[in-house]
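A short write-up of the structure that comes next.
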Amino acid sequence: AKPASQQKNRISSRITALDLALGVNADDLFQHALNFVAKSIAAASSTHYIAIGAGQHTRNMAESTPITESTTTPDDETANPLQIESVDEESRASEDTAGSLLEAAQGRPLRLPVRAGAHRQTARAPYWFWLLGLLNNASYVIMIASAKSIDAGGVAVVYLVAIGPGLAVKASAPYWFDLVRYEKRLLVAALSMVGGFLLAGLGARRPLQLLGVALTSFQSALGEATLLALAARHDEGCVSAWSSGTGFAGIVGYGWVWLFTRALRFSMAACQSVAALSLPLLYVLASRRVTGADEIRPKRLGSFWERTRFGLKLWPTTGALFLVYFSEYALQSGVWASMGVPQPTKKHRQDFYLYANWLYQVGVLVSRSSGPLFPTPPSNAWLWAASGLQAVFLCLFAVDAATRYWYASSILVMCVLVGLLGGGVYVHGFRRLSVGHEPELAMPVGALAADAGIVLANVMGLFLQACLYEVNGIDGAAVPWRLPGCRERW
């Protein structure tokens, strides 16, 4: 990698009148604009070994095994642009068999050499994965940030619609993703993004708006499962870059809604329409940079039952993802939607919902960008400890919403901590899956576990919001909830 000063001089010298007339190198400008991301990812781009075992992670920087490009043609169903030479000959001999899938899931040590530059796009791939993470998740966050405008009394309904179609995509992904090329999936995702924004913004009735939310859910899930698997085929640095980009998506999504609806005082229709005209185009352009012109074909895996058994064996990591997402989304859709700080008025509830989720996204941004700080992913015990603490925060916020014990603006600090825990489990959980065996299958399974937690949390959120509305004497809950003497008792 070139020094930062040399990179800046090279870019500056090219920005002349002639360059502007002929077109400036987009890669150089993009790398310059995201220089701070490049510094955080640089450590993950160097040659290194990753060793995975049951509770054991080691790295050997002294050894080096080259990654050779595949000699197969794009028509070959097992074509892989990153043919990794395994150090363990026995593991290489059984790599594509169902037996190796189960052995890897049971904790059999596996060493994989990873080196930047093995693929012709790998050197710049982390920057594009960062941008794709931002764009892919920004559409979902914009819908969540607009939930109070779509259905003020049933925020969890919007959350359910925003995750239901995505859950179906991720549940079926391990069984059909290898039949459809990456670039075709991403094109369908971009078209769904356009339709989702237009329906949510211009729909005259609530069912049409919810249909737009559902299309965005489909797009976000299809893009996430596809790009996570594709990032694992490049190197671990791309997974960290993707996670950091999704963290920025939270800030951008809530900032987008605030800018258009609060600062500029535009309607929600204008907010969604501008997104429909800009974000999908950038999404398509960025996705072409990571799929390339050679049309990367997914790797064919085992049978239906072999894939299912392999996915179930990943529970030590996917279980933590499920718990942390259940806790934080029950907070967002049920508890925070019913809190009005410092007074339980409609305006204060809307403001608290916006600012609490915005600060939550700040915490997510910081923790999802922490991948390069850990040479090896933290253990599963660490993931479960963070997920358990998130469940404790859910209970504390629910009690506070009912008793108003801590009903001051300072409670927003706790929202940042919720984001730190959720983002940390996300990035390090997927890092563990990406360096294990068969990451193209393991990554969608991890995404499925997270979405399953979100769906269950949103169902619970409907009843949590209704119960807290009843306790605080607020009408308009989407689910009727009457507990005799509940309001007086609290």
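For the reader, a short list of remarks on this structure follows.
- Any chance Phe260 is of a type outside the set (Ser, Thr, Tyr), farther than 22 Å from Arg432 by Cβ and under 11 Å from the mean Cα position of the chain (by Cα): no
- Top-ranked residue of region 210-242 - restricted to ones that are modelled with pLDDT of 90 or more and hydroxyl-bearing (Ser, Thr, Tyr), ranked as nearest to Pro378 (Cα to Cα): Thr226
- Count of residues meeting criterion [more than 20 Å from the chain's Cα centre (by Cα) and surrounded by 15 or more Cβ atoms within 10 Å (Cβ to Cβ)] in region 277-292: 1
- Filter result (under 13 Å from Tyr159 (Cα atoms) and surrounded by fewer than 24 Cβ atoms within 10 Å (Cβ to Cβ)) within region 433-452: Ala452
- Within region 197-251, tally of residues that are touching a residue at least 60 places away in the same chain (Cβ under 8 Å) and of a type in the set (D, E, K, R): 4
- Looking across region 330-372 at every residue that is at pLDDT 85 or above and not in a helix (DSSP H, G or I), the one that is surrounded by the fewest Cβ atoms within 10 Å (Cβ to Cβ) is identified as Ser370.
- Of residues in region 104-141 being part of a strand (DSSP E or B) and in contact with a helix residue (DSSP H, G or I) (Cβ under 7 Å, 6 or more places away or on another chain), the one modelled with the lowest pLDDT: Leu110
- Each residue in region 142-157 was checked for being part of a helix (DSSP H, G or I) and modelled with pLDDT under 80, and 3 pass.
- Screening Ser327 with (1) polar (S, T, N, Q); (2) modelled with pLDDT under 85; (3) within 25 Å of Gly423 (Cα to Cα) gives one miss only, at (2).
So that you can scan it fast, the table gives a plain yes or no per residue for (1) within 19 Å of the chain's Cα centre (by Cα); (2) assigned to a helix (DSSP H, G or I); (3) in contact (Cβ under 8 Å) with a residue 12 or more places away in the chain:
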position: Ala385; (1), (2), (3): no, yes, no
position: Tyr407; (1), (2), (3): no, no, yes
position: Cys415; (1), (2), (3): yes, yes, yes
position: Val418; (1), (2), (3): yes, yes, yes
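The values are calculated or read from the model by the stated rules, or taken from the named source; none is laboratory data. For clarity, every value in this text was computed on a predicted model and none was experimentally measured. As a convention, Cβ positions derive from the backbone with ideal geometry for all residues, glycine included, and neighbour counts pool all protein chains shown.
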